[in-house]
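Chemist: Questions regarding the structure given below will be posed in turn.
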Amino acid sequence: MKQILTILSTLVFSLTLSAQVVMPARPAIPERTVCISDFGGIPDGLSSNTEAFSKAISALNKQGGGHLTVPEGVYLTGPIVLKDCIDLHLEKGAIIIFSPDKRDFLDKGSVRPCISASKRHDIAISGEGMIDGNGQWWRVVKRSKVSDAEWKAFLRMGGTVTEDGSLWYPFGLNDYPDIAPTAQEQEKMRTHLVRLTDCERILVEGVTICNSPKFHLVPQRCKDVTIDGVSVRCPWNAQNGDGIDIMQCERVLVTRCTLDVGDDGICLKGGVGAKSLKDGPCRDITIEHNTVFHAHGGFVIGSEFSAGMENITVRHNSFNGTDTGLRFKSAPGRGGKTINIRISDITMAAIKDQAVVFETSYADRHAGGSGFEPGKNAEFVPEFCDILIERITCRGCDTAIKAEGSPQTIHGITIRNSTIFYESKGLDETVPGLVTLENVTLSCNSETTD
């Protein structure tokens, strides 16, 4: 009888996990196709295609939508703004590369993303081609993160080096003018590569997205988002080079993607403070069958998630060479509450720092500035809770599990049926008991803890 009850309990738990898997509604794109060359597109890598993209998208929009095909070739362009029921389809060998001239992105004092859509529906970016943000013309560079040869290459571009020699800004470049009075102000104007805001029924499929000025793929306040088979990559030292940032979205599936980036890999964000509450939490998200190489974290929640995280399933993902594996980070003033987070079947190798880490006093320090510092008595204190992590296997990390917080900020965390081979520390908690371990093996060369 006891065995039957155990089997039934396992089945119920398995069904609960399966029920969380999200299948977002996909966009409806009419079977109408036009080619960028029909609107003056020139794939020579020299001619500007900004007007050609604008005309093609407007023409499709007037006809009710369709597929805009980008054939093999290199298409230099300024911002691309997508509209309802349009699929931007890049054929194999097609590269859309964005202008290194920052003036091309200015719009009434603000800076447009490279590809954007706002308050639109039924949008797709698809194909086997590549989207290149030309981010080296935008990003600040830390001297400590580049070789002598790379540093000299940046200096040949012109730019500005800080007095202490620690930072290079793309300000005062030899070939392109600045768009702000100081290097620090221009740094704050860095744009995202693909940003989709307040949209419904989005599909990003198959394409390679690379070398962003800042974050690469950012759906914000969107519903029904599918990101399938996408490659995201940039230099490992690209400042703020996040891969996929899901911000306060509902019904999202991220699957079969490969990431190799300069900051967090796949990250969920939920806004900062009271102003974020009206937009609601990240809710009903499935992240599965992805591979992350270099990143600050393979899967990340935070640092801002004041509106909360609800019903998140992360399963069958692999991390190899990330700084941390599963990373939960926040601080007073930008924290929220996690509800029903289920993580399973994660494989990791060559993790630089922690396989699993909870940080509740995270300080977001930008290059050249102090950034956000956690408040002592602030509202919106992070509450990482109701999190089950099981069947993780890690070979190689400095610390197996780290929990930095209090019983008020970290509780209801269970890790079970897992094995982690570490080098320095097994379980590192500021307060014993923050994380419950069930059938977990923590092993190093000199000791094993069950």
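Chemist: Looking at Pro181, Pro177, Pro170 in this structure, which one is farther than 22 Å from Ser212 by Cβ and not acidic (Asp, Glu)?
Modeler: Being farther than 22 Å from Ser212 by Cβ and not acidic (Asp, Glu) holds for just one of Pro181, Pro177, Pro170, which is Pro181.
Chemist: Another one. With the condition kept exactly as written, say whether any residue in region 118-133 is among the hydrophobic types (A, V, I, L, M, F, W, C) and surrounded by fewer than 17 Cβ atoms within 10 Å (Cβ to Cβ).
Modeler: Taking every residue of region 118-133 in turn, none turns out to be among the hydrophobic types (A, V, I, L, M, F, W, C) and surrounded by fewer than 17 Cβ atoms within 10 Å (Cβ to Cβ).
Chemist: Mind checking whether some residue in region 261-270 is touching a Ser or Thr at 6+ places or on another chain (Cβ under 9 Å), buried (at least 24 other Cβ atoms within 10 Å of the Cβ) and over 14 Å from Gly297 (Cα atoms)?
Modeler: Yes, there is a match, as at least one residue in region 261-270 is touching a Ser or Thr at 6+ places or on another chain (Cβ under 9 Å), buried (at least 24 other Cβ atoms within 10 Å of the Cβ) and over 14 Å from Gly297 (Cα atoms).
Chemist: Given (1) within 30 Å of Glu250 (Cβ to Cβ); (2) at pLDDT 95 or above; (3) in a loop (DSSP other than H, G, I, E, B), identify the lone condition not met by Ile42.
Modeler: (1)
Chemist: Determine the pairs where a residue that is farther than 22 Å from Lys352 by Cα and assigned by TED's automatic domain parsing to the domain that holds Pro235, located within region 275-295, has a partner that is among the acidic types (Asp, Glu) and surrounded by fewer than 24 Cβ atoms within 10 Å (Cβ to Cβ) with Cβ atoms under 7 Å apart, the partner being 6 or more residues away or on another chain.
Modeler: Note: pairs meeting the criteria are Pro281/Glu310; Arg283/Glu250; Arg283/Glu310; Asp284/Glu250.
Chemist: Scanning region 201-227 for residues that are in a strand (DSSP E or B) and polar (S, T, N, Q), which turns out nearest to Phe98 (Cα to Cα)?
Modeler: Thr208
Chemist: With the structure loaded, tell me whether Thr50 is at pLDDT below 95 and surrounded by fewer than 21 Cβ atoms within 10 Å (Cβ to Cβ) or whether it fails that test.
Modeler: For Thr50, the condition - at pLDDT below 95 and surrounded by fewer than 21 Cβ atoms within 10 Å (Cβ to Cβ) - is not met.
Chemist: Restricting to region 429-446, what's the tally of residues that are within 16 Å of Ser406 (Cβ to Cβ) and either in contact (Cβ under 8 Å) with a residue 60 or more places away in the chain or among the hydrophobic types (A, V, I, L, M, F, W, C) (or both)?
Modeler: Count: 3.
Chemist: Take the residues in region 134-157 that are touching a residue at least 40 places away in the same chain (Cβ under 8 Å) and out of contact with any strand residue (DSSP E or B) (no Cβ under 8 Å at 6 or more places or on another chain), then tell me which one is surrounded by the most Cβ atoms within 10 Å (Cβ to Cβ).
Modeler: Per the criteria, the residue is Gly135.
Chemist: Name every residue in region 258-316 that is more than 15 Å from Ile246 (Cβ to Cβ) and among the polar types (S, T, N, Q), in order of residue number.
Modeler: Hits for region 258-316 are Thr258, Thr291, Ser306.
The values are calculated or read from the model by the stated rules, or taken from the named source; none is laboratory data. Keep in mind the model is a prediction, meaning the values are calculated, not measured. Note that we place each Cβ from the backbone using ideal geometry, even for glycine, and neighbour counts take in every protein chain shown.
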